[in-house]
1. Counting helices only, and only those DSSP H runs with n ≥ 4, report the 222 nm mean residue ellipticity of the chain as the sum of -39,500 (n - 2.57) divided by its residues, in deg cm²/dmol to the nearest 500.
2. What list of ³J(HN,Hα) values in whole Hz, one per residue of the range 213-221 in order, does the Karplus curve 6.51 cos²θ - 1.76 cosθ + 1.60 (θ = phi - 60°) give from phi, with Gly and Pro shown as x?
3. Going by average Cβ density within 10 Å per residue, which order do the peptides 36-48, 105-117, 8-20 take, highest to lowest?
4. For G88, what residues show an amide H to amide H distance below 5 Å, using hydrogens built from the backbone and excluding near sequence neighbours?
5. Give me, ordered by chain and number, the residues 5 or more places off M274 or on other chains with an amide H under 5 Å from its own placed amide H.
6. For the range 116-131, just list the computed ³J(HN,Hα) in residue order, Karplus coefficients 6.51, -1.76 and 1.60, θ = phi - 60°, integers in Hz, with x standing in for Gly and Pro.
7. Among I100, I260, I246, determine the one that fluctuates most according to a GNM of the chain built with springs between C-alpha atoms less than 10 Å apart.
8. How far is helix 303-319 tilted off the main Cα axis of the chain, in degrees rounded to 10, range 0 to 90?
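Any read-out appearing in this document is the output of simple, stated calculations on the displayed coordinates, not a laboratory observation. Everything numeric here is computed off the predicted structure, so don't read it as measured data. Neighbour counts run over all protein chains shown; Cβ positions are idealised from the backbone, glycine included.
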Amino acid sequence: MNHKVLVTGVAGFIGNEIALKLAARGDFIVGIDNLNSYYDVSLKRARLARLPSSVQFIEMDLADGAALRNLFVSQKFDMVLNLAAQAGVRYSLENPQTYIDSNVTGFLNVLECCRYFPVQHLVYASSSSVYGENDSVPFSTNDRVDNPLSLYAATKKMNELMASTYRHLFGIRSTGLRFFTVYGPWGRPDMAPMLFAKAINAGKPISVFNNGDMRRDFTFVEDIVEGTIRVLDWDGGDGSQHVFNIGRGEPIPLLRFIEILEDALGKKAIKNMMPMQPGDVPVTWADTKALEIAVNYRPQITLEEGVRRFAEWYKKYYQS
């Protein structure tokens, strides 16, 4: 059975890939995005150009509650996939209000619309950043997450609390996904893979924070898309509000990631070793057992394969 699905953040990295996949299987997709200038808008427009004509795109800001409400009235969605958010840990140090407007007010508007115009399932993006400096690895959704290290992380934790409250008060069925270091073709230019690739190609130094003593649970976007769609389709088990980790479940040393990227690009990096940045953590590592049990989620793409695909896309998009 095909569904009418609202995808917020459809011009973003993950939202765009998921909209493509959902449209390809026959779902009717309405995608919204505010096309803000946090990073190169031309990349966002290029992502939108990949979407088939069957996808309806509307430029809209989630903070505009009246416009969102009108959209829900006219479209009568079956499901909502909320991926729109102001991303980035370091940017939140400079522009805190943007995170409240997008990640808190915007998400409240989504919840209110789901309250008054009920949908079968709301799936929303949380983040591995909610774990802060978690001493227990791998990170489990049973761990305490009440010590965020950035405003971005705090807003994502707030989303989880808001969703839980709306489930309790109004019966809104929702599932949060804590994404772990997503990378791949069409990725965000503010994230390490793109920053590294750009600098390496230009023969410029890359900033390696915490003097390289960092590990990240790099997860290829194709695996994220597959897992997210499985959750969207999931019957919900006991029907309660859920939060899952979604990552590869394999922390990789940052210096190893750089080596693999060097091989894929055919160039060596000039490394500028830097101290830890405020809001960053030394390791991320997803315990995904709960997601595997719920929807049979098993990442398929190795880091070597994923970086190869990313590098091929990067060279084609930026150097052709």
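1. Numbers: 11 runs with 127 residues, N = 320.
That comes out to -12000 deg cm²/dmol.
2. 7, 9, 10, 10, 8, 5, 10, 5, 4
3. Sorting 36-48, 105-117, 8-20 by mean packing, highest first, produces 8-20, 105-117, 36-48.
4. Here nothing satisfies the definition.
5. Answer set, sorted by chain and number: V208, F209, N210, N211, G212.
6. Residue by residue, the range 116-131 yields 8, 10, x, 10, 5, 7, 10, 10, 9, 7, 9, 7, 5, 5, 5, 6 Hz.
7. Taking springs between Cα atoms under 10 Å, the residue moving most is I260.
8. Around 90 degrees separate the two axes.
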